[in-house]
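**Q** Let me begin by handing over the structure; questions about it come next.
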Amino acid sequence: MELLTGSTTDQAPANPAATDDMLATQPVGYWCGLTQTAVTRHLRDAMAKIDVTQPQYWVLNRVNGGLTAPSREETIAQLTHLADGPHEIARVVDQLLHREWLRIDDGQRLHLTDAGEAARARLRELATEVRAVVHQGISDEEYVAALKVLRKMVANVEGDGASGNPF
């Protein structure tokens with residue numbers, strides 16, 4: 001396979017103890033996966049302490065976030081790709097209806113109740129607190145640079161990069 005950038009950096013096996021001078025050889029997939037697992041676990045542990053799940057937060061945000069209230073089916077369709085299975089979001093909608101954090105109007109549209117809005121606002125505060133812990137010692141500029149690199153890597157492998165898809 002032809003290298004796209006002329007780089008000859010070898011790919012080394014994943015090594016969580018890699019020193020800074022070894023990082024250029026490390027597999028990005030390993031480090032992204034490790035990061036996703038650690039950050040998601042930290043957030044979900046924090047949410048569990050107040051008896052809420054991350055998917056419940058997704059649904060509360062989705063119901064709150066549109067120009068028009070979404071239906072149950074629209075909410076499920078828009079969030080299922082994030083979930084741990086095809087039925088999780090439907091269950092979450094049922095949980096939130098049972099908790100009376102959501103209500104369904106006559107047009108079958110979902111709305112937050114006052115209790116649901118209070119929960120969503122508290123979860124947003126919690127997510128902001130968790131973000132501060134995750135981002136400790138990382139400037140906004142460093143964070144933006146890291147995301148730009150990851151976005152470019154995704155574009156490269158999905159064929160949206162400037163050099164095209166090499167596969």
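**Q** Here are the criteria: (1) of a type outside the set (S, T, N, Q); (2) closer than 20 Å to A132 by Cα; (3) surrounded by fewer than 18 Cβ atoms within 10 Å (Cβ to Cβ). Tell me which single one Y57 does not satisfy.
**A** All conditions pass for Y57, except number (3).
**Q** Among the candidates D84, D106, which residue alone is in a loop (DSSP other than H, G, I, E, B) and either among the aromatic types (F, W, Y) or out of contact with any helix residue (DSSP H, G or I) (no Cβ under 9 Å at 6 or more places or on another chain) (or both)?
**A** D106
**Q** While we're on this one: From (1) without any contact (Cβ under 8 Å) to a residue 60 or more places away in the chain; (2) touching a helix residue (DSSP H, G or I) at 6+ places or on another chain (Cβ under 8 Å), pick out the condition that doesn't hold for A24.
**A** (2)
**Q** Residue check, G85 against (1) farther than 26 Å from V149 by Cα; (2) open to solvent by 80 Å² or more (accessible area, probe 1.4 Å); (3) at pLDDT below 95, all met but one. Which one?
**A** Answer for G85: the failing condition is (2).
**Q** Let me ask another. Can you pull out the residues in region 123-144 that are open to solvent by less than 50 Å² (accessible area, probe 1.4 Å) and part of a helix (DSSP H, G or I)?
**A** Across region 123-144, the qualifying residues are L123, L126, A127, V130.
**Q** Taking the stated definitions as given, is R120 modelled with pLDDT of 95 or more, within 17 Å of D51 (Cα to Cα), assigned to a helix (DSSP H, G or I) and open to solvent by 40 Å² or more (accessible area, probe 1.4 Å)?
**A** When the stated conditions are applied, R120 does not pass them.
**Q** Restricting attention to region 39-74, which residues are without any contact (Cβ under 8 Å) to a residue 24 or more places away in the chain, farther than 19 Å from A115 by Cβ and assigned to a loop (DSSP other than H, G, I, E, B)?
**A** Those that are without any contact (Cβ under 8 Å) to a residue 24 or more places away in the chain, farther than 19 Å from A115 by Cβ and assigned to a loop (DSSP other than H, G, I, E, B): G66, L67.
**Q** Which condition number in (1) over 20 Å from V52 (Cα atoms); (2) modelled with pLDDT of 95 or more is the one that G107 fails?
**A** (2)
The values are calculated or read from the model by the stated rules, or taken from the named source; none is laboratory data. Computed from a predicted structure; not experimentally measured. Don't worry about glycine lacking a Cβ; one is built from the backbone with ideal geometry, like all the others, and counts go over all protein chains shown. With ligands, DNA and RNA removed, areas are computed over all heavy atoms of the protein, side chains included. Shrake-Rupley method; radii C 1.70, N 1.55, O 1.52, S 1.80 Å.
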